[in-house]
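Nothing in this text is a laboratory measurement; each read-out follows from the coordinates by a stated rule. These numbers come from a predicted model, not from an experiment. When we count neighbours, we look across all protein chains shown, and the Cβ atoms used for this are built from the backbone with ideal geometry, even at glycine.
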Amino acid sequence: MNLKTALLGDPYGDTGVYVWNLWIFGHELLTHGRLPFSTDHIFAYSGPVDLSLHNYTPLAGLLGTTLVPWLGVVGAFNLLTIGSLVTSGLGTGALARQLGLSRTSAWSVGALFMAAPLVTARETAHMSLITTAPLVLFVWALLRVVERPGIGRGVLVGCLVAASTYSDAYYGVFCILIGAFVLAWRYLRVEYCPSLVAPSLAYRGVNVLLVTIAAGVTVRLVTGPVVLEAGSLRVTFDTFFTPALAVVVLGALGMLMRWRPSIRIEKIATEVPSLVLPGTLAVGTCLALLSPLLIGVADRYLQGRLPGTVTYWRSSPRGVDLFAYLVPNPSHPLFGAWTERWLLPDGADAFPEYVASFSLVALGLIAWTAWRRALPRQWIAFTAFFALLSLGPFVYFAGVNTYIIAPWALLRYLPIVGMARTPARFSIVAALGFSILFGFALDAWRSRDRRRLLRTAVPVALLVALEVLPAPRRLYSAQLPDVYRSIAFRDAEPGNVLELPTGIRDGTSSLGDFSAATQFFQTGHGHGLVGGYLSRVSEWRKQESLRSPVLQALYALSAGPGALSEEVTQLARQSRDSFLGRTCVRYVVIDTLRASRELRDFAFDVLELTPIRSDGRYELLAPQSPPKCDAVASEPRPWEARTSMAGTP
């Protein structure tokens, strides 16, 4: 009923950027006839930007090129959202059948996965994360090629890795970890040789240290900071980070000394040679299909403009809470308002990012079946592995950081794997594992007593359906404000748009205060923007923009109210024509709800603005007598001839 007029997420948030992703892909491909992996429609001051490291969803963009002319960008986005959910369910059902589950159980697995509360939560912001069909089908194809190696199956695996990466960049990393898990489970065996002799002196020393630290932590909980001294050794328990780290390390060391595990490789002579050719073809096919992205990354690396994110030991992004999977559906119409904020950190993006809720009825059935030892160990280990990864580097327990390190604390330092900056997204793969375990639990229940199955199947199905029900869904208006409509009708007057507040925003930092809605509105008017948002923005681009006195002042005033010195203001006035010429700004839009009085006055004074119209929230203005536009080619597209920088003040 609202396919073309509403969205499941707020266009002022991440949803607006995902709609823009769909539009800019088709706009670059069809309107400009260029490969759609770079654009000059944002960051007008610093020039064209490469999109290879942006969470871009090219697969959805490619499909959207045929839908946008028919349904409009909003209608196409919503239809692709629905299609993503349907194909995810079908793909999961196919995987379940591949694992030997019955048709009924396989259907239930697919239905539960596509309707899981954590998936529903991500529908409100991250369209890419619900495009899970390529990822699920990758698991399906990988299991097939491992069981029966073949050239065609190897090529299919490579295609699905590329499709997963083009759905969401994180899913390419997930494919690597899933592949490593599947191969390790098949070919590696861990053997334990418990020591039968008396514990060694080193083992006893480890246990003494472990007990001492545990005692110190207990005292710290009761009395506050504690200092322990033993000769020249001085240990201070002022936070829980060091004691928790010591407990984990000593505990692991003690287990290694006690159980003496060893790893043995199996079937390497009989099966591995037959996987060499399919594996090589899979890698080659994947690299060939991903070449547009890889060329962009290589080009930025050679230019020294590759965005870098420093991985800190203690301040990296957290994961989901230990009990987040047990939170009742936060999108439920009856109790969702009560559970929506359970175990979530503070932050505007906490709901779509850190919700990990699953069906409690399904988890109960899985637990009962696991207690009866009727579930396959491989899928228990698969689910546990990715659930542990989703906890992030340090375990949060009921909202409290315990500083106990989880597997992601070490894996995040691996090349390529560490590009998955937000570990909470591993909960998607964990949900896939829980769904498959639910299917095995249904088959185990069915095998025990078919008559009892008929009596209980309908009530269980109804309970699960009622539990995961997200209706009625909250809808957000996708209407374009009147001032942007008026810009769209002025196509005869070329030029870019400066919206105030403005800035440069990426996934980890922000200069000024840029709103994602600005790029969403661009899908309606089509003019270039001065600011912009991408998942990753190079430090070069930020510093290049700060070289402009006008932008430097606008960023400062956009970040918050405050007075600028007369020297800064005068310098901005002097560079007004240089700024307008390089950015080709012909329209200025002021968001009256977000722009401070100081920012508005500065823009009127320095840019010499003339009002055009207002629609209540937004004011549309234009600079008086702007200079001629100067082309900027400071970051050339990898597919085009390099040109020299122009317009540098």
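Counted over the chain, the DSSP beta bridges are approximately 80% antiparallel. In a solvent-free Debye calculation with one equal scatterer on each Cα, what is log10 I(q)/I(0) for segment 90-175 at q = 0.25 Å⁻¹, listed in the order of the q values? Those come out to -1.19, one per q. Stokes-Einstein, applied to the Kirkwood radius of the chain over Cα pairs at a viscosity of 0.692 mPa s and 37 °C, places its translational diffusion at 119 µm² s⁻¹. Positive end of the dipole of the chain (Cβ unit charges, origin at the Cα centre): among Ala465, Pro58, Gly507, the Cα lying farthest that way belongs to Ala465. In terms of other Cβ atoms within 10 Å, Phe579, Phe77 run from fewest to most in the order Phe579, Phe77.
At a Cβ-Cβ separation cutoff of 4.7 angstrom, cysteine residues of the chain with no neighbouring cysteine are Cys159, Cys175, Cys193, Cys286. Sorting Arg97, Arg474, Arg122 from the fewest to the most surrounding beta carbons within 10 angstrom yields Arg474, Arg97, Arg122. Put a plus charge on the Cβ of each Lys and Arg, a minus charge on the Cβ of each Asp and Glu, and nothing anywhere else: the dipole of segment 472-580 about its Cα centre is then about 380 debye. Based on every Cα atom in segment 1-83, Rg and the maximum pairwise Cα distance Dmax equal 12.8, 42 Å.
Its Cα gyration tensor gives segment 347-401 an equivalent ellipsoid. The semi-axes, each the square root of 5 times an eigenvalue, are 26, 14, 10 Å from largest down. Neighbours of Val272 by Cβ distance under 15 Å: Lys/Arg scored +1, Asp/Glu scored -1, total +2.
Ranked by the mean number of other Cβ atoms within 10 Å of their residues, highest first, the peptides 244-253, 384-393 fall in the order 384-393, 244-253.
Of the chymotrypsin sites (Phe, Trp or Tyr not before Pro) in segment 318-364, the ones in a loop by DSSP (not H, G, I, E or B) with at most 15 other beta carbons within 10 Å are Phe323, Phe335. For the Cα atoms of the chain, what angle does the longest principal axis make with the long axis of helix 516-525, in degrees from 0 to 90, nearest 10? Approximately 50 degrees, to the nearest 10. Maximal additional length on extending the Ile265-Ala337 stretch stands at 20.8 nm, based on 0.36 nm per residue less the C-alpha distance.
Against the chain, whose longest principal axis comes from its Cα atoms, helix 360-371 is set at around 30 degrees. Each helix, a run of at least 4 DSSP H residues, gives -39500 (n - 2.57); summed and divided by the residues of the chain, these come to -17000 deg cm²/dmol at 222 nm.
What residues from segment 253-295 fall in the zone where the backbone N is under 17 Å from a label point 7 Å along the Cα-to-C-beta line of Glu191? Taking a point 7 Å out along Cα→Cβ of Glu191, the residues of segment 253-295 whose backbone N falls under 17 Å are 259-269.
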